[in-house]
Amino acid sequence: MSQVSFDEPSRTFLLTTPASSYALRIGADDSPRHVHWGAPLTLGQAAALPTHDGVTSSFASTGGEELAVEGGARFGVPSLLVRYADGSRGIEWVHEAHEIDGGRLDLMLRDRHYPLGCTLHYAVHPDSDVVERSLTLHHLGTDDEGDEPVEILRCDAASWSVPAASGVRLSHTVGEWSGETKLRRTEAPCAETVFTSRRGVSGHFGNPWVMVDAGDADEGHGEVWSMVLAWSGSWRITAQRDHTGGPFTVTGGAGHDGLAWRLQPGEIHRTPVFAGQFSRDGFGAASRGWHRYVAGHVLALPDEPRPVVYNSWEATGWDVTPQGQRALAQRAAELGVELFVVDDGWFGQRTSDRAGLGDWHPNPERFPHGLGPLVEEVRGLGMRFGLWVEPEMTNPDSDLYREHPDWVLHMPHRRRTELRNQLVLNFARPEVTEWAFTWLDRLVSEHAIDFLKWDMNRALTEAGWPGHPDGERLWTDHTRGVYGVLDRLRRAHPGLRIEGCAGGGGRADLGMLARTDQIWISDNTDADDRIAIQHGYSQVYPARTMSAWATDSPNPHTRRSTPLRYRFHVAMAGALGIGGDLSRWTAPELAEARELVALYKEIRPVVQFGEQYRLDDAVQYRAGEKVVVIAWGRDRALRLADLHGVYVDDGTGEEHYAATLLTHGLPLRLPAGDRPSTVVRLTRR
Ligand code: GLA
């Protein structure tokens, strides 16, 4: 049973999840102290645990606080860093009150002298070991009384503590455009390690999460503490390993170093959620825990099967014509595709990346009769219809920019740096988000568009807002503006589905997943490369959200040739789509693709809704009595995970004892040849 309980004498709070406990305490100096995060404890046991209470030495170790601030003998990474108008800094906490409501705990604090209040929010759910944390800052003063704003130099959502002995190794991802989410495991230095994005999006270069373990965890064993930030803009997560034996701390939140803004009298600021999960059975269990959490508490429509998509980008680039799209649509429909998406190149003067962004009406030369005829045709073929959009951007060569040059991020006396020939619209400005919502709403309504691929193809630079008294707020408010438009659009169009994209996987995070149905995780569709990218993505995010296309061979990006079957099998590990130039696929290739799409539809419920196990060159999914294994690499007997009873191979009728599958393995019988791969379906007898 998930709940929050309180021990009055020791001022200890205990959060209980199905398989973990989290405890904190109001210390003697009224600051919130960390007590425990790990295996289940009773309230009595938690209350009896000591805390390192009061920091009284120049040589005190860092850490042990629920939210580190400046003030007193504190020398760790501050989660909350403020400066008052009189030049004073730091916080001296007074604990005011707390509220417990089911799985929620709010802890109200304020500064002893300055008008600054802070509520720490905790939430647990009955079906998850994830603890959600965030905070609200509240300027308790008023303009009338002449109170001054408080300058906010850093405001993380939460700080987490991992027992010192377990804080040895960090897992995280690194990446780049076309090579996102590559998993790295490295010993944590006794130092502050900063993971960050300064680009205004969560980014290709690292995904906003870290996992911590004692260096002994693997896929199936070992204690793992993982922390995931639900934010799609710039962010910073700082891990600190203390060599003197203090807890390993991880503090994280929105925004990067060097930004400052002012909290005005009366103002309330709420951070995004920085969620944490303790798992006992290795990285595999940690990932399954996150997948369940995303399905249960993040996605709007977790139970809806993601459709088989066809996307025209790799086939046509910007050469979008009604004839070309029609021809692709006919072939896609024959393959069993359910949703046809026209990518970039359908609007304004968008015949290359040099012009047109911002002019969101069909290109008059290419679509003289609008999109209507193509939409009807696609629907007539039995598919739904989707479109690519990039609402946060404009090309200087566009009517929008000619009309509103001040709508983009810019700074006085600074160049407007163009990346991919485009500038970023300031989504912190209400008139800009209003404009975006208006045209998106009209576009979706006009043709009852079923699906949008919402792209974002460049980082923020010269992120200024001339004339605004506190312009650096836009780093947060741009992201909030995007969230606002997405939320409004979904409310206005309950049938609309959205794919998040940012030059591939540049904005793949829990913030986007709360507002989109799936994520385009990389522009790299080479199956060899995808295996690593998908492996990294799966550490936190579930297969149903992972758009994956089978495309052409040789791959347009890497020039590598691979068999069609293998390309499909790798893409079938997520939400399968097709992105190749079908006009050039041969009749045997089309026939094979049709079979593979049909197979995918059979395994889809297990892949998209099942529990995922990462195996050696294979992925296993289990949903109820059904098991699907997608395997590649050399021929071998593959040891499966977490099965009981007797299983029948749906293809061959062969029977296997689970005990044998777990120990001796499933003989894969991979054919000889280049990159053999297989899909095995098992049903429990
Ligand atoms: C980005 C996306 C691609 C494609 C192009 C279109 O790079 O990631 O999938 O949509 O933009 O310009």
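Please pick out the residue among Trp454, Trp465 that is closer than 25 Å to Leu409 by Cα, touching a residue at least 12 places away in the same chain (Cβ under 8 Å) and more than 16 Å from the ligand (Cβ to nearest atom).
Details: Trp454 fails: more than 16 Å from the ligand (Cβ to nearest atom).
After ruling out the rest, the residue left standing is Trp465.
Being in contact (Cβ under 8 Å) with a residue 24 or more places away in the chain and within 16 Å of the ligand (Cβ to nearest atom) is a condition met by no residue of region 371-381.
Name every residue in region 363-384 that is outside any loop (DSSP other than H, G, I, E, B) and surrounded by fewer than 22 Cβ atoms within 10 Å (Cβ to Cβ), in order of residue number. Once the filter is applied, which keeps residues that are outside any loop (DSSP other than H, G, I, E, B) and surrounded by fewer than 22 Cβ atoms within 10 Å (Cβ to Cβ), region 363-384 yields Gly372, Pro373, Val375, Glu376, Glu377, Arg379, Gly380, Arg384. Checked against (1) farther than 25 Å from Leu496 by Cα; (2) of a type outside the set (Val, Ile, Thr); (3) more than 16 Å from the ligand (Cβ to nearest atom); (4) open to solvent by 10 Å² or more (accessible area, probe 1.4 Å), Gly252 meets all criteria but (4).
Just to be sure, is Ala158 assigned by TED's automatic domain parsing to the domain that holds Met211, more than 16 Å from Leu263 (Cβ to Cβ) and open to solvent by less than 30 Å² (accessible area, probe 1.4 Å)? So Ala158 passes the test.
For region 196-304, which strands (runs of 3 or more DSSP E) that fit wholly inside it have 3 or more residues that are within 18 Å of the chain's Cα centre (by Cα)?
Numbers: elements: 209-213, 224-229, 235-240, 248-254, 261-263, 268-270, 274-279.
It comes to 209-213, 224-229, 235-240, 248-254, 274-279.
Matching residues to (1) touching a residue at least 12 places away in the same chain (Cβ under 8 Å); (2) among the aliphatic types (A, V, I, L, M); (3) within 19 Å of Ser677 (Cα to Cα); (4) open to solvent by 50 Å² or more (accessible area, probe 1.4 Å):
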residue	(1), (2), (3), (4)
Gln620	yes, no, yes, no
Val628	yes, yes, yes, no
Gly645	yes, no, no, no
Val648	yes, yes, no, no
Gly651	yes, no, yes, yes
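Annotation note: of Ala165, Ala85, the sole residue that is part of a loop (DSSP other than H, G, I, E, B) and open to solvent by 40 Å² or more (accessible area, probe 1.4 Å) is Ala85. Of all the numbered requirements in (1) under 18 Å from Arg199 (Cβ atoms); (2) crowded, with 19+ Cβ neighbours inside 10 Å, Asp450 misses one, and that requirement is (1).
Within region 391-415, the set of residues being touching a strand residue (DSSP E or B) at 6+ places or on another chain (Cβ under 7 Å) and part of a helix (DSSP H, G or I) comprises Leu400, Tyr401, Trp407. Looking across region 333-357 at every residue that is within 27 Å of the chain's Cα centre (by Cα) and more than 14 Å from the ligand (Cβ to nearest atom), the one that is most open to solvent (accessible area, probe 1.4 Å) is identified as Glu338.
Just one residue in the set Trp388, Trp313, Trp360 is in contact with a strand residue (DSSP E or B) (Cβ under 9 Å, 6 or more places away or on another chain), open to solvent by less than 10 Å² (accessible area, probe 1.4 Å), within 16 Å of the ligand (Cβ to nearest atom) and not acidic (Asp, Glu); that residue is Trp388. Given the structure, is Gly175 at pLDDT below 95, out of contact with any Asp or Glu (no Cβ under 8 Å at 6 or more places or on another chain) and buried (at least 18 other Cβ atoms within 10 Å of the Cβ)? Criteria not met by Gly175. Residues in region 88-101 that are surrounded by fewer than 15 Cβ atoms within 10 Å (Cβ to Cβ) and assigned to a loop (DSSP other than H, G, I, E, B): Ser88 alone.
The residues of region 498-521 that are touching a strand residue (DSSP E or B) at 6+ places or on another chain (Cβ under 8 Å) and either within 10 Å of the ligand (Cβ to nearest atom) or in a loop (DSSP other than H, G, I, E, B) (or both), listed by number, are Glu499, Cys501, Gly504, Gly505, Arg507, Ala508, Asp509, Arg515, Thr516, Asp517, Trp520, Ile521.
Of Ala260, Ala315, all but one fail to be touching a residue at least 24 places away in the same chain (Cβ under 8 Å) and assigned by TED's automatic domain parsing to the domain that holds Gly215; the exception is Ala260. The residues of region 522-543 that are away from the ligand (no atom under 14 Å from the Cβ) and of a type in the set (S, T, N, Q), listed by number, are Gln534, Ser538, Gln539.
Please tell me if Gly577 is open to solvent by less than 10 Å² (accessible area, probe 1.4 Å), touching a residue at least 40 places away in the same chain (Cβ under 8 Å) and not assigned by TED's automatic domain parsing to the domain that holds Trp290.
Yes: the conditions hold for Gly577.
Among the residues of region 470-488, at least one is open to solvent by less than 10 Å² (accessible area, probe 1.4 Å), closer than 20 Å to Ala575 by Cβ and either of a type in the set (A, V, I, L, M) or more than 16 Å from the ligand (Cβ to nearest atom) (or both).
The values are calculated or read from the model by the stated rules, or taken from the named source; none is laboratory data. These numbers were taken from a predicted model, which means no experiment stands behind them. Heads up, the Cβs are rebuilt from the backbone with ideal geometry, glycines too, and the neighbour counts pull from every protein chain shown. Protein only, heavy atoms only, side chains kept; ligands, DNA and RNA dropped before computing areas. Shrake-Rupley method; radii C 1.70, N 1.55, O 1.52, S 1.80 Å.
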